[in-house]
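Step one of this worksheet: look at the structure below.
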Amino acid sequence: MSADIGGTFTDIVYQDCSTGACGAAKVLSTPDDPALAVLRGIEAAIPTEAAIDFFVHGTTVGLNALLTRRGAKVALLTTENFRDIYTIQGNDRGEIFSIRWNKPEPLTPLEHTFTARERMAATGEAVTPLETSDLDRLVKAVKEEGFEAIAIAFLFSFKNPAHELEAADYLRARLPDIPIGLSHRVSPEWREFERTSTAVMDSYLAPVVRGYLETLIGGLGDRLPEGRGLHVMQSNGGVMTAESASETPLQTLLSGPVGGAIGGRALSAATGRPNLICIDMGGTSFDASLIIDGLPSGSNQAKLEGLPVQMSVVDIHVIGAGGGSIAWEEAGAMRVGPQSAGSMPGPACYGLGGTEPTVSDANLVLGRLDGANFSGGTMALDRNAAVTALTTIGETFGLTTEAMAQGVVDVVNAKMADAIRTITVQRGIDPRDFSLVAFGGAGPAQAGALAEELQIREVIVPVHPGAFSAWGMLQTDVRRDYKETLYSFWDLVELAVLEAAFAGLEENGRRHLLDEGIAEDAIAFERAIDFRYYGQEYVLTIPVPNGTIDMDAVRKSFDAAYDRQYGHSSPENRVEMANIRLAALGRLARPDSAPPAPEAARPTRERDVIFAGRPLKTPVLDRNGLEIGDTVAGPAIIEESTATTLVPPGWNAAVIEGGHLSMTKEAES
């Protein structure tokens with residue numbers, strides 16, 4: 001079973017271990033207590049007496065705390081004379097040509113930064129011993145000023161963590177209830193500002209994430225499986241136990257959106273389509289990611305709120321565009337989002353007190369949603385409330401209600417198309433070479449228009465699209481990432497030293513996975529090395545096969561990767577190695593996914609749906625009534641419990657292997 005908390009809905013997916021059959025349920029999110037929606041969703045999805053063998057959870061609690069600046073009050077401890085590292089930040093500008101650009105606001109201000117006399121050399125040699133008496137001022141400040149967490153980031157601690165460990169022991173003895181984060185554990189990697197930023201962000205989120213997980217575990221009680229019951233999705237695409245998530249809360253930052261990318265990887269393998277653009281349009285946000293040659297696009301560093309984070313992440317581009325995004329006027333122009341009506345009060349059509357016009361209201365007015373059959377008939381929509389909301393804002397622009405509704409949909413589609421261009425065209429990738437995978441509660445209704453805008457030839461709407469991210473969480477494995485800064489020219493590297501370094505990381509990974517309950521024969525490792533040409537600043541991460549390392553083959557792999565990324569390479573130049581990386585994987589046993597079991601389908605009916613400003617009689621079909629091989633010609637609407645798929649005029653939808661929908665545009669004569 002898996003759960004994905006969104007800003008508007010919380011999605012639950014459950015799979016029968018014996019048959020592989022999947023089911024899904026959606027419930028409104030509970031922002032004041034996110035765990036409550038998860039518990040309600042489980043009650044709605046499976047009988048009380050049913051046993052849960054495995055439960056994985058994707059949460060945006062940490063991300064929301066960061067975006068809203070509602071994390072912990074953090075005290076930062078650094079090396080004496082280096083107090084300003086975190087405040088000064090790096091020497092690069094986020095927007096090179098903007099005269100209004102400002103550095104991002106740090107999560108803890110300079111006045112909350114404390115120093116201690118100590119010094120490690122760049123080689124890891126202790127130059128100045130730690131003066132623990134300097135820590136007494138920090139102890140006093142924590143007690144008097146109400147700090148909720150401490151982050152320690154000493155100079156070159158990634159080479160020798162002795163002083164960070166000594167300081168932590170001293171502080172824990174005097175502040176036993178305060179969580180303490182150590183930079184060498186959070187990110188044992190060079191670049192002092194980036195490592196400090198990562199340590200501060202981890203401490204900033206620690207109390208929030210830990211408190212949430214404790215609440216959820218307490219609420220689930222006996223429903224959790226025995227042993228290590230609750231697992232949490234990580235930003236790197238793997239899962240970890242709740243205990244590990246409490247120790248490394250930073251890893252949960254993108255755990256919700258990443259599920260969709262992992263689902264895309266599984267869908268790519270199942271359908272034989274290596275290149276996919278995955279779009280998740282829910283009630284609050286729009287997430288876009290890429291599957292290239294069957295694998296999610298990833299990175300070893302991300303920026304959140306402008307602040308760098310050194311950790312492995314699946315690349316997800318997120319904007320505020322969803323079914324609950326609010327349409328509003330600014331300077332005579334219409335905007336849609338990023339503000340969202342959320343789940344309470346929600347769009348005007350939810351009838352829960354919302355009055356502002358949203359994308360869902362627009363789709364209801366255009367006839368694309370069925371007010372009597374929304375969310376599988378569990379929720380009725382108020383069309384009159386949607387009309388009132390859109391009429392009010394339409395008067396501002398001199399537009400009819402229907403024209404205003406179309407305008408709202410067009411604007412949000414343009415925003416989403418630009419988001420897709422950001423991860424494709426701006427990186428030299430042609431979106432026309434990809435299939436578009438549309439999911440989330442609102443994604444399948446907008447996908448055809450997005451595909452036309454980007455000239456994409458195929459749209460895939462997976463089974464249970466409204467809960468696809470939650471389904472993706474069931475397709476992953478336990479994962480723990482390790483890294484070590486090991487700088488050298490590649491032509492000077494001693495193979496024995498490199499092999500020993502990887503062996504050390506593998507031993508740490510094996511020990512961790514065994515502690516997580518993974519069997520020895522289910523453990524695997526993936527190696528990689530960060531390279532750059534001599535004189536350059538940034539690196540490319542190159543996968544390295546397990547076993548004896550072929551130095552020449554690895555060098556050629558870097559040159560080839562550089563050429564693919566930048567259009568040229570320099571095989572004659574020297575290459576520097578910066579970091580080695582290891583992903584320790586614990587393979588999880590899972591049943592094969594089975595196509596949805598046939599269910600009673602509602603009879604096909606018909607209603608007017610507005611396309612390009614004019615109503616067209618449009619058949620409305622129940623997806624449960626479609627079988628593999630069936631084809632539906634547009635215009636048509638295909639309804640199911642988690643989403644509504646819109647097949648525009650000139651498009652056809654076919655049910656392909658696995659029960660997924662493949663929408664393609666008819667060839668123009």
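The values are calculated or read from the model by the stated rules, or taken from the named source; none is laboratory data. Predicted model, so just to flag it, every value in this text is computed and none were measured. So basically every Cβ, Gly included, is an ideal-geometry build from the backbone, and we count neighbours across all protein chains shown. Keep in mind that these areas ignore ligands, DNA and RNA; they rest on the heavy atoms of the full protein, side chains included. Shrake-Rupley method; radii C 1.70, N 1.55, O 1.52, S 1.80 Å.
Brief remarks on what is shown
- In the set (1) under 17 Å from T198 (Cβ atoms); (2) open to solvent by less than 80 Å² (accessible area, probe 1.4 Å); (3) under 31 Å from the mean Cα position of the chain (by Cα), the condition left unmet by T79 is number (3).
- Of all residues in the range 386-414, those satisfying the criterion of being assigned to a helix (DSSP H, G or I) and surrounded by fewer than 18 Cβ atoms within 10 Å (Cβ to Cβ) are T388, T391, T392, E395, T396, F397, A403, D410, A414.
- The residue that is surrounded by the fewest Cβ atoms within 10 Å (Cβ to Cβ), counting only those in the range 625-654 that are among the polar types (S, T, N, Q) and at pLDDT 90 or above, is T631.
- Some residue of the range 58-71 being more than 20 Å from A245 (Cα to Cα) and open to solvent by less than 40 Å² (accessible area, probe 1.4 Å): no
- Filtered residue count, the range 146-174, keeping only those that are touching a residue at least 60 places away in the same chain (Cβ under 8 Å) and of a type outside the set (A, V, I, L, M, F, W, C): 3
- Just one of the listed residues (A589, A578, A553, A561) is hydrophobic (A, V, I, L, M, F, W, C) and in contact with a Lys or Arg (Cβ under 9 Å, 6 or more places away or on another chain), and it is A578.
- Among the residues of the range 246-284, those identified as within 11 Å of the chain's Cα centre (by Cα) and open to solvent by 10 Å² or more (accessible area, probe 1.4 Å) are Q251, L254, P257, D280.
- Residue check for D418: open to solvent by 10 Å² or more (accessible area, probe 1.4 Å) and part of a loop (DSSP other than H, G, I, E, B): no
- Elements of type strands (runs of 3 or more DSSP E) in the range 17-132, at least 3 residues being in contact with a Pro (Cβ under 6 Å, 6 or more places away or on another chain) and closer than 28 Å to G211 by Cβ: none
- Residue list for the range 523-564, restricted to those being open to solvent by 20 Å² or more (accessible area, probe 1.4 Å), in a helix (DSSP H, G or I) and in contact with a helix residue (DSSP H, G or I) (Cβ under 9 Å, 6 or more places away or on another chain): M551, R555
- Taking each residue of the range 424-445 that is assigned to a helix (DSSP H, G or I) and looking for partners that are open to solvent by 50 Å² or more (accessible area, probe 1.4 Å) with beta-carbon atoms closer than 8 Å, six or more apart or interchain, yields P431/R421; P431/V425; P431/Q455; R432/Q455; R432/R457.
- Residues in the range 193-209 that are touching a Ser or Thr at 6+ places or on another chain (Cβ under 9 Å) and open to solvent by 30 Å² or more (accessible area, probe 1.4 Å): E194 only.
- Among the residues of the range 287-329, those identified as assigned to a strand (DSSP E or B), open to solvent by 30 Å² or more (accessible area, probe 1.4 Å) and modelled with pLDDT under 90 are G298, S299, K303, H317, V318, I319.
- Qualifying residue in the range 494-504 (condition: open to solvent by less than 40 Å² (accessible area, probe 1.4 Å) and either among the charged types (D, E, K, R) or assigned to a loop (DSSP other than H, G, I, E, B) (or both)): no
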